[in-house]
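Here the structure is laid out as structure tokens; the discussion comes afterwards.
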Amino acid sequence: MAKSVVLEIVTPSKLFYMGEAEMVIVRTLTGDEGFMANHSWACKLLDTGELWIREAGAKDFRIAAVSGGFICVKESIIIFTDAAEWPAEIDVGRAMNEKGRAMEWLKSATGETDKNDVLRAKIAISKSLTRMNVANGGMRKKH
């Protein structure tokens, strides 16, 4: 059996997850990165993306959608994120509507549109796509 590490996932409103994990894969600002027990210390910013957890003794991974934040890896792994959702918690119809509204808004944006508003619309699209992917099993589906 592989070594495990305590994993905590914290959102502003709750402790989303706490348990023993053999591996955690997150989307950092530089791409997907995996962390295991005895990993060298790290603190990384997270991007919106899929979070994959292989719990201690488990064969398969659990998946969740996360929206930004950071991961701190020491003797344990703590993830602080703005939002986290399990697949069963995701309203796919709502995510599709949010993506559609943001895309329509971007189409109507002009050269005079505030760059921060454009960035917010792109983030909304990214969050919606992530949520839809997670609800459908994620990008790393079994083949």
Estimated vicinal HN-Hα couplings, Hz - segment 51-66 in sequence order (Karplus 6.51, -1.76, 1.60; Gly, Pro = x)
10, 10, 10, 9, 6, 3, x, 8, 8, 9, 8, 9, 10, 9, 9, 10
Selection from 30, 16, 92 lying farthest towards where the dipole of the chain points positive, charges on Cβ
92
Of [x] 1.13; [y] 0.96; [z] 1.23, which one was derived for Cα Rg over 2.2 N^0.38 Å from the structure shown?
[x]
Which value, in debye to the nearest 20, gives the size of the charge dipole of the chain about its Cα centre, when Lys and Arg are +1 and Asp and Glu are -1 at the Cβ?
320
For residue 117, put the label point 7 Å out on the Cα→Cβ axis and report which residues of segment 79-108 keep their amide N under 16 Å from it.
101-108
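Can you show me the helix-derived [θ] at 222 nm for the chain, built from DSSP H runs with n ≥ 4 at -39,500 (n - 2.57) apiece and divided by the number of residues, rounded to the nearest 500.
Computed ellipticity for the chain at 222 nm equals -9000 deg cm²/dmol.
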Past the 29 Å Cα-Cα mark, which pairs from 74/99; 3/99; 14/44; 14/107?
74/99; 3/99; 14/107
Helix 92-108 versus the longest principal axis of the chain: what angle, 0 to 90°, nearest 10, using Cα atoms?
40
By how many degrees, between 0 and 90 and to the nearest 10, does the Cα long axis of helix 115-135 differ from the longest principal axis of the chain?
50
Longest site-free stretch - the chain; sites: GluC sites (Glu not before Pro), DSSP loop, at most 10 other Cβ within 10 Å:
1-74
Distance between the C-alpha centers of segment 90-128 and segment 12-40? Whole Å please.
27
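Taken together, the values in this text are just the output of simple stated rules run on the coordinates, not laboratory data. Only a predicted model underlies this, so the values are computations on that prediction, with no experimental measurement involved. In this analysis, Cβ positions are derived from the backbone assuming ideal geometry, glycine residues included, and neighbour counts consider all displayed protein chains.
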